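Undergrad: Have a look at this one before I ask anything.
The values are calculated or read from the model by the stated rules, or taken from the named source; none is laboratory data. Bear in mind the structure is a predicted one, so any value in this text is a computation, not a measurement. Cβ coordinates were reconstructed from backbone atoms using ideal geometry, including for glycine residues, and neighbour counts include every protein chain displayed. Quick note on the areas: whole protein, heavy atoms, side chains included, nothing else; ligands and nucleic acids left out. Shrake-Rupley method; radii C 1.70, N 1.55, O 1.52, S 1.80 Å.
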Amino acid sequence: MAAPCRDFVLQVKLTARCDLKCARCYNIPPNASSRPELGTGEWTRALQGARDYFKCTGTALHVHFIGGEPLLRPDLFELAGIFKGSARANTTLVTNGYALKDEMLPVIKGLFHAATVNMPALDAKRFEDLRGEDCFEKILGNVRGMVARKIPVALAMNVSKQNHGEVGKLVELASILGVRRVSFHRFIGTTRLDDWHLTPELLREVIAHIKASWVEYPGMDIVTRDPVLAVALGLDLKPCVAGAGLLNIEPDGSVTACRYITEVIGDITRQPISEILAGEGARKYSDAARLRSRCSDCTSKARCRGCRALAIHNGDLHGEDPLCHAVLGGGAP
């Protein structure tokens, strides 16, 4: 039994419910599926099966509990506990930070290896306009609480036309709060959003801001899983692993290749992970040999593959990442 990657990311979307109302959220509303959220027993069977499969394959498993807002599921901590003590599995809580309560922090510290809080803007008014709630200071206070409890926490930004100028400010804020890790990714919706997606010119500005932040804050761990950003920043290249090194489980048990991709390629309540990964639905996302257009001629296509979600938004699953060639001038080093 062999897993496709040495490291595998499993996005576990326990619920589509959320306590905020963010503009352009990738989250599919709770009423979009005709099937209800999985219950605790169904999730337990699914996650135990995934844990055991990746343990047998010798794969390092990274489980990201996402949403919606995962803290709205009362069984979140019970389900996260499935991976506690598993030597080759770690868990991350991906939260908007609004629902955090002080009494949760010791439990979070005991169950999760890390937490990530997304920051769509650094100006309080714009932040709250985007989030739809009066929440900015409360979220910052909750981040301070995690730092005080020594919970490894990262601030993350999905960089768009709306917030590209605040990249450096996010690193500054992290430093002020005592956060030592900042993550950046290009904004990706579940559809093409030209009013939000970066242009090549803006992406070049973002790259310059991140490089400047490295100089100003040398102790800050600035990371990305975005293949184009990784190449441009000279980081270790982490290819788009949708369908090969990453699967997303929706609240009703349906499986997609990534949380930004809506095509269903399996059902965790009816199929084991191994069967979903072996299926054509998963393999078509990860097969570099199928890439077309300028990606097909790139010497680094097997190590990069661009972002398949953005390629889909551009009209072709196997087409080029619409920003890669424009920004990098063709081909990763």
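Undergrad: Scan the stretch 122-157 residue by residue and report those that are of a type outside the set (A, V, I, L, M) and within 19 Å of the chain's Cα centre (by Cα). Give the steps one after another, and end with the answer.
TA: First pass over the stretch 122-157, keeping only residues of a type outside the set (A, V, I, L, M): 123, 125-129, 131-138, 141-142, 144-145, 149-150, 152.
Within the stretch 122-157, R131, P152 meet the criteria.
Undergrad: Here is a follow-up. Would you confirm whether any residue within the stretch 55-62 is in a helix (DSSP H, G or I), modelled with pLDDT under 95 and crowded, with 16+ Cβ neighbours inside 10 Å?
TA: The first filter runs over the stretch 55-62 and keeps only residues in a helix (DSSP H, G or I), leaving 55-57.
With modelled with pLDDT under 95 added as a condition, the list becomes 55-57.
When the remaining residues are screened for being crowded, with 16+ Cβ neighbours inside 10 Å, the result is 57.
Yes: one or more hits.
Undergrad: Tell me whether the stretch 72-81 contains one or more residues that are out of contact with any Phe, Trp or Tyr (no Cβ under 6 Å at 6 or more places or on another chain), open to solvent by less than 40 Å² (accessible area, probe 1.4 Å) and under 20 Å from L177 (Cβ atoms).
TA: Checked against the condition, which is being out of contact with any Phe, Trp or Tyr (no Cβ under 6 Å at 6 or more places or on another chain), open to solvent by less than 40 Å² (accessible area, probe 1.4 Å) and under 20 Å from L177 (Cβ atoms), the stretch 72-81 yields no hits at all.
Undergrad: Just to be sure before I move on: is R6 farther than 14 Å from E250 by Cβ and at pLDDT 95 or above in the structure I sent?
TA: Values: farther than 14 Å from E250 by Cβ: yes; at pLDDT 95 or above: no.
The answer is no for R6.
Undergrad: Among the residues of the stretch 82-98, write down those that are open to solvent by 10 Å² or more (accessible area, probe 1.4 Å) and among the β-branched types (V, I, T).
TA: Of everything in the stretch 82-98, those that are open to solvent by 10 Å² or more (accessible area, probe 1.4 Å) and among the β-branched types (V, I, T) turn out to be I82, T92, V94.
Undergrad: Across the stretch 201-226, what is the total count of residues that are under 18 Å from the mean Cα position of the chain (by Cα) and of a type in the set (K, R)?
TA: So the answer is 1.
Undergrad: Let me ask you something else. How many of the residues making up the stretch 303-323 are buried (at least 23 other Cβ atoms within 10 Å of the Cβ), farther than 13 Å from Y260 by Cβ and among the basic types (K, R)?
TA: Result for the stretch 303-323: 1.
Undergrad: On to the next question. Collect the residues in the stretch 19-52 that are at pLDDT 90 or above and part of a loop (DSSP other than H, G, I, E, B), keeping them in residue-number order. Before the answer, list the steps.
TA: Our first condition is that a residue be at pLDDT 90 or above; within the stretch 19-52, this holds for 36-52.
The answer is P36, E37, L38, G39.
Undergrad: In the stretch 185-200, which residues are more than 20 Å from the chain's Cα centre (by Cα) and open to solvent by 50 Å² or more (accessible area, probe 1.4 Å)?
TA: Residues of the stretch 185-200 more than 20 Å from the chain's Cα centre (by Cα): 194-195, 199-200.
D194, D195 - these are the residues of the stretch 185-200 that are more than 20 Å from the chain's Cα centre (by Cα) and open to solvent by 50 Å² or more (accessible area, probe 1.4 Å).
Undergrad: Just a yes or no: is a residue in the stretch 125-135 closer than 19 Å to E69 by Cβ, in contact with a Lys or Arg (Cβ under 6 Å, 6 or more places away or on another chain) and open to solvent by 30 Å² or more (accessible area, probe 1.4 Å)?
TA: Checked the stretch 125-135: at least one residue is closer than 19 Å to E69 by Cβ, in contact with a Lys or Arg (Cβ under 6 Å, 6 or more places away or on another chain) and open to solvent by 30 Å² or more (accessible area, probe 1.4 Å).
Undergrad: Give the number of residues within the stretch 170-179 that are outside any helix (DSSP H, G or I) and open to solvent by 20 Å² or more (accessible area, probe 1.4 Å). Don't jump to the end; show me each part of the working.
TA: Of the stretch 170-179, the ones outside any helix (DSSP H, G or I) are 178-179.
In the following step, the residues that additionally are open to solvent by 20 Å² or more (accessible area, probe 1.4 Å) were identified as 178.
Total meeting the criteria: 1.
Undergrad: Further question: Helices (runs of 4 or more DSSP H) wholly in the stretch 221-331 with at least 3 residues that are in contact with a Pro (Cβ under 8 Å, 6 or more places away or on another chain), within 15 Å of H185 (Cα to Cα) and at pLDDT below 90 - which ones? Break it down stepwise before answering.
TA: On the way: elements: 227-233, 273-278, 280-286, 293-296, 308-313, 324-328.
Correct list: empty, since no element meets the threshold.
Undergrad: Name the residue, out of V182, V167, V143, V117, that is open to solvent by less than 30 Å² (accessible area, probe 1.4 Å), under 30 Å from P200 (Cβ atoms), of a type in the set (A, V, I, L, M) and part of a helix (DSSP H, G or I).
TA: Working: V182 fails: part of a helix (DSSP H, G or I); V143 fails: under 30 Å from P200 (Cβ atoms); V117 fails: part of a helix (DSSP H, G or I).
Going through V182, V167, V143, V117 in turn, the sole match is V167.
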